[in-house]
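One structure is given here, and the rest of the page talks about it.
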Amino acid sequence: MKTLRLRPGKERSLLRRHPWIFESAIAKGGGDSGETVRVESHEGQFLAWAAFSPSSRIRARVWSFDEAQRIDAPFFIAACARAIIARARFDVQSDGVRLVHGESDGLPGLIVDRYGDTLVAQFTSAGTERWKNVLADALLRETGLSKLYERSDASVRALEGLEPATGWLRGGPVAGAEAPPVELSIHEHQWMLTLNIAEGHKTGFYLDQRDSRKRFAEYARRLGFQHVLNCFCYTGGFSVAALAGMRAAEAAGGPGGGRVVSIDSSGPALERARAHVALNGFDPNRASFLDADVNASLRQFLKEGQRFDAIILDPPKFAPTAAHADRAARAYKDINRLALQLLTPGGVLFTFSCSGGISADLFHKIVASAGADAGVDGYIVERLAGAPDHPMTLDFPEGEYLKGLVVMRKS
Ligand code: SAH
């Protein structure tokens, strides 16, 4: 058994059950890529069993804090089972569900999403790479499914010294038979949405925004939005939610005629967003799509004197880690300032950050300072977070990557 001996005093975060061991905390020891190592304090006290990552700054990730625990196939089967059972108790209104969310489920470096009868997994650490076959079998066994597609093409794999890997891991094409579909659809709330697990972002879809999309539909219904702007729309989940909410407002005797403008810089995502409007039975004339840079578009709208009574800002991860926080903060502030200027009085901004490097508190400050620069005050009517199947845990507060604010501009 290989051992990692920490520097004096470096055991503190592990004693709080935090699962990462940084390179700088290690005095000596190591192992092969993904190998299970025994982690000890400088004084030789057992701290954890962890997977060694020879080339990552996070040099080891904890599997267990229990000295009696064996890290073997039954351990991984039990961890997958626990994660899947927990989902049945979370409020998830979709057949697109995140089944395993990395550290939060005790499996650092493993993401698993279920889309109907197909699983899509990302293995992003040396440890999960080493146990890939065991994990794949465990996931299928615990879900009773047969198809698992691998999307291990996230850039973080490079930090672990791992090559990208994509394709069917289980249930793929067999001789004489057709390959299983990579084009899938899910029912989220009242809507049908499609995705491509081979080509879409992440595992194909942003499941984490499921409940915020529903929340947006509720605001649209209650307040009867007329001019919605969906920035960073990807495949138009929030656009569909907006149209659904506006239709409900009309049905309840509201004004009617509302429109949604959606912006993204990805052509294929926009094409799918447009298809989602028709697929869900909405009038295509109510929705327009711009293949453009959001920042430039917001400036252009301001110049033209356009105004919106609801705006969604759901940008990509500007700050993957705290080291990028400064530059990211400026980028967040910029788009939020422009959006607040574009809001009509009483209008509503749904603004998000999915950057692990930006805390909820910092994000709040950034949006506040965007408001100050815009000369716009607003009520923070709600705070939003990722859907419950993307949980954070008491032991791992870094799991809080996605945060949102609903800001209502003062009249
Ligand atoms: N709100 C979406 C998810 C957004 S993900 C949903 O509910 O599904 C972020 C999106 O921003 C991606 O689709 C990406 O293509 C787009 N994007 C990234 N940089 C951009 C830019 N500068 N201008 C416009 N879109 C951008």
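Among the residues of the range 77-89, are any in contact (Cβ under 8 Å) with a residue 60 or more places away in the chain, open to solvent by less than 20 Å² (accessible area, probe 1.4 Å) and within 14 Å of T36 (Cβ to Cβ)? Among the residues of the range 77-89, not one is in contact (Cβ under 8 Å) with a residue 60 or more places away in the chain, open to solvent by less than 20 Å² (accessible area, probe 1.4 Å) and within 14 Å of T36 (Cβ to Cβ), which makes the answer no.
Here M1 meets each of (1) at pLDDT below 95; (2) open to solvent by less than 40 Å² (accessible area, probe 1.4 Å) with one exception, condition (2).
Does A372 satisfy being small (G, A, S), within 20 Å of G356 (Cα to Cα), open to solvent by 20 Å² or more (accessible area, probe 1.4 Å) and out of contact with any strand residue (DSSP E or B) (no Cβ under 8 Å at 6 or more places or on another chain)? Spelling it out, it is not the case that A372 is small (G, A, S), within 20 Å of G356 (Cα to Cα), open to solvent by 20 Å² or more (accessible area, probe 1.4 Å) and out of contact with any strand residue (DSSP E or B) (no Cβ under 8 Å at 6 or more places or on another chain). V376 meets all of the listed conditions (1) assigned to a strand (DSSP E or B); (2) away from the ligand (no atom under 13 Å from the Cβ); (3) not acidic (D, E) but one, namely (1). Just so you know, in the range 41-57 the residues that are crowded, with 19+ Cβ neighbours inside 10 Å and without any contact (Cβ under 8 Å) to a residue 40 or more places away in the chain include one that is nearest to F75 (Cα to Cα), and it is W49. Taking the criterion of being in contact (Cβ under 8 Å) with a residue 24 or more places away in the chain, assigned to a loop (DSSP other than H, G, I, E, B) and either acidic (D, E) or closer than 18 Å to L313 by Cβ (or both), would at least one residue in the range 329-347 satisfy it? Taking every residue of the range 329-347 in turn, none turns out to be in contact (Cβ under 8 Å) with a residue 24 or more places away in the chain, assigned to a loop (DSSP other than H, G, I, E, B) and either acidic (D, E) or closer than 18 Å to L313 by Cβ (or both).
In the condition set (1) polar (S, T, N, Q); (2) farther than 22 Å from E188 by Cα; (3) more than 14 Å from the ligand (Cβ to nearest atom), S266 is compliant with all but (3). Among the residues of the range 212-239, those that are among the polar types (S, T, N, Q) and either open to solvent by less than 10 Å² (accessible area, probe 1.4 Å) or within 16 Å of the ligand (Cβ to nearest atom) (or both) comprise S212, N230, T235, S239. Residue count for the range 186-197 under the criterion of being surrounded by 17 or more Cβ atoms within 10 Å (Cβ to Cβ) and over 17 Å from A244 (Cα atoms): the result is 2.
For the range 321-356, enumerate the residues that are closer than 21 Å to R221 by Cβ and surrounded by 20 or more Cβ atoms within 10 Å (Cβ to Cβ).
Step one: filter the range 321-356 for residues closer than 21 Å to R221 by Cβ, giving 343-352.
Selection gives L343, G347, V348, L349, F350, T351, F352.
Does A273 qualify as being free of Cβ contacts under 8 Å to residues at least 12 places away in the same chain, within 16 Å of the ligand (Cβ to nearest atom) and among the aliphatic types (A, V, I, L, M)? Here the answer is no, as A273 does not meet what is asked.
If I filter the range 248-292 down to residues being closer than 28 Å to T203 by Cα and acidic (D, E), which single residue comes out as most open to solvent (accessible area, probe 1.4 Å)?
Applying the first criterion (closer than 28 Å to T203 by Cα) to the range 248-292 yields 260-282, 284, 287-292.
Next cut, acidic (D, E) only: 264, 271, 291.
Details: D264: 19, E271: 135, D291: 103 Å².
Going through the qualifying residues, I end up with E271.
Among the residues of the range 287-328, those identified as of a type in the set (G, A, S), touching a residue at least 12 places away in the same chain (Cβ under 8 Å) and within 16 Å of the ligand (Cβ to nearest atom) are A287, S288, A292, S297, A310, A319, A328.
When residues in the range 224-237 are screened for being within 26 Å of the chain's Cα centre (by Cα) and assigned to a loop (DSSP other than H, G, I, E, B), 5 of them pass.
The values are calculated or read from the model by the stated rules, or taken from the named source; none is laboratory data. Everything numeric in this text was worked out from a predicted model, so none of it was measured. Here the Cβ is made from the backbone with ideal geometry for all residues, glycine too, and neighbour counts use every protein chain on show. Just so you know, the surface numbers come from the protein's heavy atoms only, side chains and all, with ligands and any DNA or RNA stripped out. Shrake-Rupley method; radii C 1.70, N 1.55, O 1.52, S 1.80 Å.
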